[in-house]
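A.B. asks: Please find one structure pasted underneath; my questions will follow.
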Amino acid sequence: MSGTLKHAHGQWRSRIGFLLAATGSAIGLGNIWKFPYMTGTNGGSAFVLTYLLCIALVGFPLLVAEWLIGRRGQKNPMLAIEDVAKQNNQTKAWGIVGLVAIIAGFLVLSFYSVIGGWAIDYIFITLKGTFSGMSGDDTDKVFTDFLANPKSLLLWHTVFMALTIGIIAMGVSSGIERASKIMMPGLAIILLIMLVYVIFSTDTFGKGVSFLFAPDWSKINGQSVLAALGHAFFTLSLGMGIMFSYGSYLGKEINLLKTARSVIILDTIFALAAGLVIFPLVFANNLKLDSGPGLLFVTLPIAFGNMSGGIIIGALFFILVTFAALTSAISLLEPTVEFLEEKTPLNRQVAAVVGGVAVWLLGIACLLSFNEWDKFLIFGNNIFSFLDKITSKFMMPLGGLATLIFLGWFVKQQGVLSELNLSDTAAQIWSIVLRFVAPIGIIVIFIASLLS
Ligand code: PHE
């Protein structure tokens with residue numbers, strides 16, 4: 001890595017380490033419980049192509065923009081934006097965009113960790129054989145009882161946050177990078193084992209493939225394009241300071257465009273492969289097609305409880321979900337910790353504990369919203385869904401929009417283009433996408449999500 005750009009708080013040790021960390025952030029619950037279902041119900045491969053177009057026009061430029069600004073600043077998202085603003089004679093007030101992004105990541109982690117905790121507990125529940133022979137009503141009861149019990153939710157939320165804090169405290173290369181180098185190949189291996197199992201032990205693999213891929217262009221309409229656009233944003237972990245922070249540990253020699261392409265390809269392959277595991281199981285057991293927590297914690301357990309080898313396959317599946325959630329959770333904590341490290345006298349370990357404990361406390365409010373505090377509503381939402389909504393509907397899209405406008409309109413383009421090493425034609429396309437297409441795309445999602 002470039003000696004002149006040495007970062008005070010460490011750097012990625014290798015390109016592949018950075019690639020795996022960024023892919024780990026991108027691959028999360030969204031890939032498992034959202035994308036496959038969205039694809040199956042919105043036109044199969046016609047939707048996949050629409051989604052890839054949205055990724056190319058909105059997700060890709062914003063991902064590159066966040067990395068580029070972070071790398072130029074070599075600091076936390078707020079200070080990095082301030083630095084780039086100063087270099088371009090713009091007001092330091094742009095730094096607020098970075099601060100809001102850091103806060104968004106902090107808030108998201110408080111409820112993401114609660115779900116991560118469920119996944120860990122479900123590894124053990126599955127191993128105990130609890131689901132054997134269960135019907136849908138039974139697995140539903142297991143889940144509802146679990147949500148009604150704040151003590152066990154607290155236990156697993158605490159375990160999940162402790163793991164997240166521990167990895168972050170170890171640092172960028174010895175913590176995040178090393179954990180990603182273990183968990184990402186782990187994810188791939190588990191998914192492959194499950195895929196082989198599903199191919200050989202169900203006769204519904206073909207049905208799953210056609211559900212997921214058979215193109216149906218008649219399903220592509222305003223709604224499905226919006227869903228694709230929103231997911232492109234979410235799945236790449238944009239608008240939460242994450243990619244700024246990950247970029248701040250990068251050296252100049254990394255090709256941002258190529259790396260972004262690799263992250264997108266891996267993220268999409270993982271999501272499709274997850275669908276190829278999930279849907280044949282759903283069809284083989286005549287289960288309800290579903291998405292979200294219900295799919296993972298109520299529907300799939302019925303399949304695990306009623307198939308041969310279900311205890312092992314089910315436990316592997318929840319390990320997969322835990323790994324996917326954990327590599328995303330560490331990325332959500334990183335911007336806060338980098339900020340604390342640079343803005344306060346705290347060292348990295350203390351900053352990780354202080355930031356992490358603050359998230360943990362807010363997470364307690366989230367988990368109580370399923371039981372003791374379920375009557376406490378903010379604008380009609382319990383705390384858990386209130387935090388989900390303000391982050392995904394407001395903070396993320398507006399932060400992403402501001403980032404694109406900043407880089408496209410307030411930063412000297414010559415420098416950006418030479419940093420990206422683009423040919424003339426590619427540079428023209430990049431400018432149009434960065435300055436017009438991507439911001440307009442985000443404005444459209446923003447307005448549509450307010451109306452829905
Ligand atoms: N990208 C993750 C997913 O697809 C979700 C996520 C969003 C993770 C924001 C971290 C931050 O599930």
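A.B. asks: Restricting the search to the range 274-293, which residues are open to solvent by less than 20 Å² (accessible area, probe 1.4 Å) and either within 14 Å of the ligand (Cβ to nearest atom) or out of contact with any Phe, Trp or Tyr (no Cβ under 6 Å at 6 or more places or on another chain) (or both)?
C.D. replies: ALA274, GLY275, VAL277, ILE278, LEU281, VAL282, GLY292
A.B. asks: Based on what the data block shows, is ILE96 among the aliphatic types (A, V, I, L, M), under 23 Å from the mean Cα position of the chain (by Cα), more than 16 Å from the ligand (Cβ to nearest atom) and within 26 Å of THR322 (Cβ to Cβ)?
C.D. replies: The answer is no for ILE96.
A.B. asks: Oh, and also: Just one of (1) open to solvent by less than 20 Å² (accessible area, probe 1.4 Å); (2) under 17 Å from ILE405 (Cβ atoms); (3) among the hydrophobic types (A, V, I, L, M, F, W, C) trips up ALA46, so point out which.
C.D. replies: ALA46 satisfies every listed condition except (2).
A.B. asks: Something else about it: Can you tell me which residue among LEU236, LEU256, LEU250 is within 16 Å of the ligand (Cβ to nearest atom), of a type in the set (A, V, I, L, M, F, W, C) and at pLDDT 95 or above?
C.D. replies: LEU236
A.B. asks: Here is a list of conditions, (1) more than 11 Å from the ligand (Cβ to nearest atom); (2) open to solvent by 50 Å² or more (accessible area, probe 1.4 Å); (3) closer than 24 Å to LEU29 by Cα, and SER218 meets all of them except one; can you say which number that is?
C.D. replies: Going through the list (1) more than 11 Å from the ligand (Cβ to nearest atom); (2) open to solvent by 50 Å² or more (accessible area, probe 1.4 Å); (3) closer than 24 Å to LEU29 by Cα, SER218 breaks only (3).
Residues are listed down the side, and each one gets a yes or a no for (1) over 30 Å from VAL172 (Cβ atoms); (2) open to solvent by 50 Å² or more (accessible area, probe 1.4 Å); (3) touching a residue at least 12 places away in the same chain (Cβ under 8 Å):
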| site | (1), (2), (3) |
| --- | --- |
| ALA329 | no, no, yes |
| LEU332 | no, no, yes |
| GLU341 | no, no, yes |
| ALA352 | no, no, yes |
| LEU361 | no, yes, no |
| ASN382 | yes, no, yes |
| LEU387 | no, no, yes |
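A.B. asks: Where the second residue is not in a helix (DSSP H, G or I) and the first is small (Gly, Ala, Ser) and lies in the range 191-216, which pairs have Cβ atoms under 6 Å and are six or more apart or on separate chains?
C.D. replies: So the pair list comes out as ALA214/GLY44.
A.B. asks: Which ones in the range 25-37 are under 18 Å from PHE317 (Cβ atoms), part of a helix (DSSP H, G or I) and within 8 Å of the ligand (Cβ to nearest atom)?
C.D. replies: LEU29, GLY30, ASN31, ILE32, LYS34, PHE35
A.B. asks: Looking for something modelled with pLDDT under 95 and either in a loop (DSSP other than H, G, I, E, B) or within 16 Å of the ligand (Cβ to nearest atom) (or both) - is there at least one such residue anywhere in the range 409-421?
C.D. replies: yes
A.B. asks: Further, regarding this structure: I need the full set of residues from the range 38-72 which are under 23 Å from LEU276 (Cβ atoms), away from the ligand (no atom under 13 Å from the Cβ) and in a helix (DSSP H, G or I), in order please.
C.D. replies: Passing the criteria: THR39, GLY40, THR41, SER45, ALA46, PHE47, VAL48, LEU49, THR50, LEU52, LEU53, CYS54.
A.B. asks: Oh, and also: So LYS151 ticks every box in (1) more than 16 Å from the ligand (Cβ to nearest atom); (2) under 25 Å from the mean Cα position of the chain (by Cα) but one. Which box is left unticked?
C.D. replies: Only one criterion is unmet by LYS151, namely (2).
A.B. asks: Which one is nearest to the ligand (Cβ to nearest atom) among residues in the range 223-233 that are open to solvent by 10 Å² or more (accessible area, probe 1.4 Å) and small (Gly, Ala, Ser)?
C.D. replies: So the residue we want is GLY230.
A.B. asks: Follow-up question, since we're still on this one. Could you say which residue among ILE311, ILE265 is open to solvent by 10 Å² or more (accessible area, probe 1.4 Å), free of Cβ contacts under 8 Å to residues at least 40 places away in the same chain and either in contact with a helix residue (DSSP H, G or I) (Cβ under 9 Å, 6 or more places away or on another chain) or of a type in the set (Val, Ile, Thr) (or both)?
C.D. replies: Answer to the selection: ILE265.
The values are calculated or read from the model by the stated rules, or taken from the named source; none is laboratory data. Fair warning: this is a prediction, and the values are worked out from it, not measured in the lab. Cβ: placed from backbone, ideal geometry, glycine included. Neighbour counts: every protein chain shown. Just so you know, the surface numbers come from the protein's heavy atoms only, side chains and all, with ligands and any DNA or RNA stripped out. Shrake-Rupley method; radii C 1.70, N 1.55, O 1.52, S 1.80 Å.
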